[in-house]
Amino acid sequence: MFMETVSNDQAKKYIAAGRKAWEFKTKDVSKGPIFGPAYDDSAAMNRAKKENRYAETVEAAQKIAKGMGTDISSVSFLERE
């Protein structure tokens, strides 16, 4: 397994091709990440959804980040092979 972190533009292409984001990284790291649909901890995922810290697209994550006073800087995808 390895993590691939890409730009927002590249992430949009990956998501359009069917890949699922693991996490959307915020520019202000003190705000923490926004979790994506590939995140594999169900308890953390449920908590993230309740706290509005879950998104499936870069656009949705950016909207959440703006509400937190930051922006999305990059997106991580987990490779299981």
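Filtering segment 31-79 to residues that are of a type in the set (Val, Ile, Thr) and farther than 14 Å from residue 12 by Cβ leaves 34, 64, 70. Any idea which of (1) at pLDDT 95 or above; (2) charged (D, E, K, R); (3) surrounded by fewer than 18 Cβ atoms within 10 Å (Cβ to Cβ) is the one residue 51 doesn't satisfy? Going through the list (1) at pLDDT 95 or above; (2) charged (D, E, K, R); (3) surrounded by fewer than 18 Cβ atoms within 10 Å (Cβ to Cβ), residue 51 breaks only (1).
Filtering segment 1-43 to residues that are outside any strand (DSSP E or B), closer than 17 Å to residue 64 by Cβ and of a type in the set (Ser, Thr, Tyr) leaves 30, 39.
Scanning segment 48-59 finds one or more residues that are touching a residue at least 12 places away in the same chain (Cβ under 8 Å), polar (S, T, N, Q) and out of contact with any Asp or Glu (no Cβ under 6 Å at 6 or more places or on another chain). Selection of first residues in segment 60-81 that are more than 19 Å from residue 40 (Cα to Cα) and of second residues that are of a type in the set (A, V, I, L, M, F, W, C) and in a strand (DSSP E or B), restricted to Cβ pairs under 6 Å at least 6 apart or on distinct chains, gives the following pairs, ordered by first then second residue: 62/72; 64/34; 65/72; 72/24. Within segment 33-48, the set of residues being surrounded by 13 or more Cβ atoms within 10 Å (Cβ to Cβ) and over 20 Å from residue 73 (Cβ atoms) comprises 44, 45, 47.
The values are calculated or read from the model by the stated rules, or taken from the named source; none is laboratory data. Not measured: the values here are computed from a predicted model. Neighbour counts are summed over all protein chains in view; Cβ atoms, including those assigned to glycine, are modelled from backbone coordinates with ideal geometry.
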